[in-house]
Amino acid sequence: MSHSTIDAKIRIAETPDVPAITNSLTIDVEDYFQVSAFESFVRRDDWGSFESRVVNSTQRILDVLGEANTRATFFVLGWVAEQHPALVRAIARAGHEIGSHSYWHRLIYQQTPDEFRRDLRRSRQVLEDVTGYAVAAYRAPSFSITRQSLWAFDILIQEGFTIDSSVYPVVHDRYGIPDAIPGMHRVRCTDGDLIEFPPPVWRPFGMRVPVGGGGYFRLYPYALTRWGLRSINQAGQPFAAYLHPWELDPTQPRLSAGVGKSIRHYVNLRRTEQRLRHLVRDFSLQTMSEAIAQVEATSVLPEWDLRERSHAPLLETSKAA
C-alpha cells in the first residue's frame, strides 16, 4: 500500500477537533557519527577525524522554526558545544532553550554513578560557559535511564537539574521502561524531585506505540504520526516530539553499519524536513520548560515515588566524586 493511500485512510479517521494544548519540540544536537548505533565501530577518540555536518543540519532546523515562529528545547552534546560554540550561541539567541545531552553520548547504564556525574558536570559547564545561561534540563543519550540506571535521577537532582526527558515508556532493545508513566509526571527521590517529560507514546487499543520522534517520525507516514499525536492531545496530554539534526541531512556520509542499523539510521532522511514543516504547522509547539509551566499552572502532575529504593552504596560512591 502506498503512503498516499495510507494518508487518505488516516485523514478520514481523524477527529478534527483537538484540545488547545501546547506541546514541546525537542532537538538532540549530535552529529551523524555520534549515535549509539555506531559506537561499536566509531571510537570517541576518532570523532575529530570525521566530517562534521552538525552546524549546517542544525541551521536547517533553526530556519524551519524561525519561519514558523516556534521555540524548542535543544539538548546539546557537550562535545558538540565545545567544538562549535557559535552554533550553541545561535540557538540560544534565537530564543530556544538549551539542555544537556551529556558530553560523550555514553549510555547511562554502561557508566558508573561517578562517571555519569563527571560527564553531567562537564557537559553543563561547557554549555553554561558558551551561553551564559543556567542549564537545568537533561536528556540521556538514547533514553538510557532504564530500570538498570534509576540512580541517575538522584544524581540529576543533586546536581540541580529540574527537568528530564530520558525515560521512554515502551519496549525497545536499547532503552525503555515499559510500565513507566507515559505522560508528564513528577519523579520524587530522597534529595528532591524533578519533572519527567517523556517522549510521546500513543496508546491505541491499550498498546504503547512510540510516535513523534526519531526513527518513528521517519518510518511512519506523516498522517499516522499526526493521528497519534492528536490522540495524545485529545486525551488531555501534551507531547514532547524529538528529532536530531542529522535526520535532516540526506546526503550525510554513509557508514558501514550493517543492515539493521543502516535501516534505522538512514530510512526516509529526505522526508524529515518536510515532515517537520508539517509538524510545526499542525501543532502548537514550544520549549519544554514552557510546556511544563503551562501544565503545572492548571493540573496536579502524577508522581513516581522512588524514595524507597535501596541503592545507598551507589549514591555514597557517587557523592565521593
For this session: Residues being assigned to a helix (DSSP H, G or I) and in contact (Cβ under 8 Å) with a residue 24 or more places away in the chain: count how many of those fall in segment 87-109.
Result: 8
For this session: For segment 195-211, enumerate the residues that are more than 23 Å from residue 274 (Cα to Cα) and either at pLDDT 95 or above or part of a loop (DSSP other than H, G, I, E, B) (or both).
Result: 195, 196, 197, 198, 203, 207, 208
Exercise. Which residues, counting only those in segment 112-129, are surrounded by fewer than 19 Cβ atoms within 10 Å (Cβ to Cβ) and either of a type in the set (S, T, N, Q) or part of a loop (DSSP other than H, G, I, E, B) (or both)?
Worked result: 112, 125
Exercise. Across segment 180-225, which residue is surrounded by the fewest Cβ atoms within 10 Å (Cβ to Cβ) among those that are closer than 14 Å to residue 153 by Cα, out of contact with any strand residue (DSSP E or B) (no Cβ under 6 Å at 6 or more places or on another chain) and of a type outside the set (Val, Ile, Thr)?
Worked result: 191
Problem set entry | Search result, residues across segment 272-291 that are assigned to a helix (DSSP H, G or I), over 18 Å from residue 214 (Cβ atoms) and not hydrophobic (A, V, I, L, M, F, W, C) | 281, 282, 289, 290
Problem set entry | Selection from segment 70-86 of residues that are crowded, with 19+ Cβ neighbours inside 10 Å and either assigned to a helix (DSSP H, G or I) or without any contact (Cβ under 8 Å) to a residue 24 or more places away in the chain (or both) | 78, 79, 80, 81
Exercise. Residue 113 passes all but one of (1) more than 27 Å from residue 269 (Cα to Cα); (2) free of Cβ contacts under 8 Å to residues at least 60 places away in the same chain; which number fails?
Worked result: (2)
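For every residue, the table says whether it meets (1) basic (Lys, Arg); (2) touching a strand residue (DSSP E or B) at 6+ places or on another chain (Cβ under 9 Å); (3) modelled with pLDDT of 95 or more.
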position	(1), (2), (3)
98	no, yes, yes
101	no, yes, yes
104	no, no, yes
115	no, no, yes
122	yes, no, yes
136	no, yes, yes
Exercise. Got at least one residue in segment 49-60 being modelled with pLDDT of 95 or more, out of contact with any Gly (no Cβ under 7 Å at 6 or more places or on another chain), surrounded by fewer than 18 Cβ atoms within 10 Å (Cβ to Cβ) and aromatic (Phe, Trp, Tyr)?
Worked result: yes
Problem set entry | Residue among 269, 248 that alone is surrounded by fewer than 19 Cβ atoms within 10 Å (Cβ to Cβ) and either out of contact with any Pro (no Cβ under 6 Å at 6 or more places or on another chain) or of a type in the set (A, V, I, L, M, F, W, C) (or both) | 269
Exercise. Restricting the search to segment 133-148, which residues are in contact (Cβ under 8 Å) with a residue 12 or more places away in the chain and either surrounded by fewer than 20 Cβ atoms within 10 Å (Cβ to Cβ) or not in a helix (DSSP H, G or I) (or both)?
Worked result: 133, 135, 136, 137, 138, 139, 140, 144, 145, 146, 147, 148
Seminar exercise, completed: Subset of segment 71-86, residues among the aliphatic types (A, V, I, L, M) and either touching a Pro at 6+ places or on another chain (Cβ under 7 Å) or farther than 14 Å from residue 134 by Cα (or both), comes to 72, 77, 80, 81, 86
Problem set entry | Scope segment 41-69; condition closer than 15 Å to residue 93 by Cα and assigned to a loop (DSSP other than H, G, I, E, B); matching residues | 69
Exercise. Taking the condition small (Gly, Ala, Ser), surrounded by 14 or more Cβ atoms within 10 Å (Cβ to Cβ) and touching a Leu at 6+ places or on another chain (Cβ under 9 Å), does residue 240 pass?
Worked result: yes
Exercise. Among the residues of segment 149-168, is any hydroxyl-bearing (Ser, Thr, Tyr), part of a helix (DSSP H, G or I) and either in contact with a Gly (Cβ under 6 Å, 6 or more places away or on another chain) or at pLDDT 95 or above (or both)?
Worked result: yes
Exercise. (1) in contact with a Phe, Trp or Tyr (Cβ under 9 Å, 6 or more places away or on another chain); (2) within 21 Å of residue 288 (Cα to Cα); (3) modelled with pLDDT of 95 or more: which one isn't true of residue 214, the others all being true?
Worked result: (3)
Exercise. Looking only at segment 237-282, which residues are at pLDDT below 95 and charged (D, E, K, R)?
Worked result: 254, 261, 264
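The values are calculated or read from the model by the stated rules, or taken from the named source; none is laboratory data. No experiment lies behind these values; they were computed from the predicted model shown. As a convention, Cβ positions derive from the backbone with ideal geometry for all residues, glycine included, and neighbour counts pool all protein chains shown.
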